[in-house]
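Asker: Have a look at this one.
The values are calculated or read from the model by the stated rules, or taken from the named source; none is laboratory data. If you're wondering where the values come from, they're calculated on a predicted model, not measured in any experiment. Here the Cβ is made from the backbone with ideal geometry for all residues, glycine too, and neighbour counts use every protein chain on show.
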Amino acid sequence: MELSLVDRWICGAEVALRTLSGGSRAERATPASAVADATAPPPELDAQDKRLSGALMRVNHVGEVCAQALYQAQALATSNVELKAQMARAAREEVDHLAWTEQRLTELGDRPSLLNPLWYGGAFLIGLAAGRLGDRVSLGFVVETERQVEHHLEGHLERLPAGDLASRAIVDQMRIDEAEHAAAARLAGGTQLPAPVRGAMRLAAKVMTGTAHYV
C-alpha cells in the first residue's frame with residue numbers, strides 16, 4: 001500500500017531520529033567479524049594509529065549519516081514507485097554501513113561527529129533539490145555521489161593503519177556496496193551531471209570530510 005505524503009514524512013522523521021541517535025541496526029554482520037574470527041589475533045594498535053583510524057571512521061560515519069538523508073529525501077521527492085523501492089534498498093545497505101562504522105568508532109574509543117545534525121539537514125535539502133529536478137537527474141546525482149564516495153573510500157584504504165584489519169574490512173565492503181549502488185542508478189537511467197555540478201559536489205565533500213576528521 002502506498003503511504004500518504006504525511007506518512008512518508010513521519011517515516012522520514014523516524015529515520016532521521018534513529019540515524020542521529022545511534023539507534024540504527026545492521027541487517028548484515030560487520031565485515032570486521034571475519035577478522036575477529038581469524039585464528040591469529042589482529043595486532044594491537046598504538047595510540048597514534050587509534051587516533052588516525054578513529055578520525056577516518058568518523059568521516060566515514062558522517063558519510064553514512066548523509067547517505068540516509070539523501071536517500072530519504074530523494075525517495076520523498078519522486079512519485080516513481082520503482083525508484084522509491086530502489087532508493088529504499090540502497091538506504092537499507094547504507095544503514096549497515098552506518099551501524100558498522102558506529103560500532104567501530106566505539107571499539108576505537110572514539111566518537112561520531114558533533115555536527116551530525118548539521119550534516120544530515122544539509123544532505124536532506126540537497127537530496128530533496130536533486131529529486132525535484134526529475135528522476136534521471138536524481139539518479140545521476142546518486143551515480144556521482146557514489147562514485148565520489150567510492151574514490152574517497154579507496155583513499156581511506158591507503159591511509160588506514162596496516163594493522164587495523166577490522167576498519168579496513170569494513171571500508172572495503174562499503175566500497176563494494178557503493179560501486180553497486182552507482183551501477184544500479186546508472187542502469188536505471190541516471191544522467192551524467194554537468195562538470196560544474198560535479199566539481200561543486202567534490203568541493204562540498206572536501207569541506208565536510210575535512211571538518212569531520214576533527215569535529
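Asker: A67 versus (1) within 27 Å of V143 (Cα to Cα); (2) modelled with pLDDT of 85 or more; (3) surrounded by fewer than 20 Cβ atoms within 10 Å (Cβ to Cβ): which is the lone unmet condition?
Answerer: (3)
Asker: Could you tell me which of the residues A188, A179, A130 is within 16 Å of the chain's Cα centre (by Cα) and not charged (D, E, K, R)?
Answerer: Testing whether each residue is within 16 Å of the chain's Cα centre (by Cα) and not charged (D, E, K, R) leaves just A179.
Asker: What is the residue count in the stretch 115-146 for residues that are more than 12 Å from L76 (Cα to Cα), touching a helix residue (DSSP H, G or I) at 6+ places or on another chain (Cβ under 9 Å) and among the aliphatic types (A, V, I, L, M)?
Answerer: Looking only at that region, the number is 8.
Asker: Those residues that are closer than 16 Å to N116 by Cβ and surrounded by 11 or more Cβ atoms within 10 Å (Cβ to Cβ), I need them from the stretch 14-29; list them, please.
Answerer: Residues satisfying the conditions are V15, A16, R18, T19, L20, G22, G23, S24.
Asker: Among the residues in the stretch 30-41, are any out of contact with any Pro (no Cβ under 6 Å at 6 or more places or on another chain), surrounded by fewer than 18 Cβ atoms within 10 Å (Cβ to Cβ), modelled with pLDDT of 75 or more and of a type outside the set (D, E)?
Answerer: Scanning the stretch 30-41, I find at least one residue that is out of contact with any Pro (no Cβ under 6 Å at 6 or more places or on another chain), surrounded by fewer than 18 Cβ atoms within 10 Å (Cβ to Cβ), modelled with pLDDT of 75 or more and of a type outside the set (D, E), so the answer is yes.
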